[in-house]
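Worksheet: the structure to be examined is printed underneath.
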Amino acid sequence: MSVESKRFNPEEVEVARRLNVEWKKTIGDLGGNVEKSGAVFKKIVEAYRSGDGRVYHNLFHIDRMLGVVNKFPHLAADLPVLKAAIFGHDIVYVPGSQTNERDSADLFGGMLRELEIDEDRISKSDELIMVTEKHITREDDRDGRLIIDADFDILGSDGDVYRNYSQGIYTEYVLSGRVSVDDFKSGRTNGYLNPWLESIENNSLYLNPEIGEVLNPQAEKNILFEKEWLASL
């Protein structure tokens, strides 16, 4: 894929180029048609840059998740399938929709079929995408556990990064006019922040201890910060 600077800001150019390399390697590792992968990658990029719900759920989110699995590849069972699922898990994203994951899995499955990926690998990718709907999986699902931890990596990020994330989620829901400030504060606090804090207390937010040991302390600080910030609105 040729990334034109006039269409992207400099950070997006760099991320898109890095993701393109990762994508081609992933398709090759899956036994797919690498020659066709560029055209499909262009569709992926367009999807993650489309609409007004992509303040956080964009190419940078995918890049961050891939960074996690590349740091902990020994925790995966089928790394190429896991990486493919990361590329596809938010390819459809409408803030507040109850079908984002199912829609993403269906759309992305079609893309993998264009690249002649075996159906069993597509089915595994589909399952992993659906794991990100409720972030629940089986104890023996190594790839499911790792995709959850990669999705939650942002919670344990540096303070400034987390603040940008939390404000991005706020923008996707409130500043877009989809929900009121009060409804967002209540839903975010009771539906996410409080359960996350409880999971940290139970040492169960991150499903791989190797990751949790590193991220739990900062995640707790970040989530407490966001609670205070929301309360001040």
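Among the residues of the stretch 71-78, at least one is acidic (Asp, Glu) and either surrounded by fewer than 21 Cβ atoms within 10 Å (Cβ to Cβ) or over 30 Å from residue 178 (Cα atoms) (or both). Whenever a residue of the stretch 79-91 is buried (at least 24 other Cβ atoms within 10 Å of the Cβ), its partners that are of a type outside the set (A, V, I, L, M) and part of a loop (DSSP other than H, G, I, E, B), lying with C-beta atoms within less than 8 angstrom and at least six residues away or across chains, give the pairs 90/57. Just to be sure, is residue 178 in a helix (DSSP H, G or I), surrounded by 13 or more Cβ atoms within 10 Å (Cβ to Cβ) and among the basic types (Lys, Arg)? Against the criterion (in a helix (DSSP H, G or I), surrounded by 13 or more Cβ atoms within 10 Å (Cβ to Cβ) and among the basic types (Lys, Arg)), residue 178 does not qualify. How many residues are surrounded by 14 or more Cβ atoms within 10 Å (Cβ to Cβ) and either without any contact (Cβ under 8 Å) to a residue 24 or more places away in the chain or among the small types (Gly, Ala, Ser) (or both) when one looks only at the stretch 18-27? Result for the stretch 18-27: 3.
In this structure, is residue 42 surrounded by fewer than 18 Cβ atoms within 10 Å (Cβ to Cβ), modelled with pLDDT of 95 or more and under 24 Å from residue 172 (Cα atoms)? When the stated conditions are applied, residue 42 passes them.
A quick yes/no check of all residues on (1) among the hydrophobic types (A, V, I, L, M, F, W, C); (2) closer than 23 Å to residue 89 by Cβ; (3) in contact with a Lys or Arg (Cβ under 9 Å, 6 or more places away or on another chain); (4) not assigned by TED's automatic domain parsing to the domain that holds residue 139:
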| position | (1), (2), (3), (4) |
| --- | --- |
| 165 | no, yes, no, yes |
| 175 | yes, no, no, yes |
| 179 | yes, yes, no, yes |
| 186 | no, no, no, yes |
| 196 | yes, yes, no, yes |
| 205 | yes, yes, no, yes |
| 208 | no, yes, yes, yes |
| 213 | no, no, no, yes |
| 228 | no, no, no, yes |
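The values are calculated or read from the model by the stated rules, or taken from the named source; none is laboratory data. Remember, it's a predicted structure, so these values are computed and weren't measured experimentally. Cβ sites come from the backbone with ideal geometry, for glycine too, and all protein chains shown count toward neighbours.
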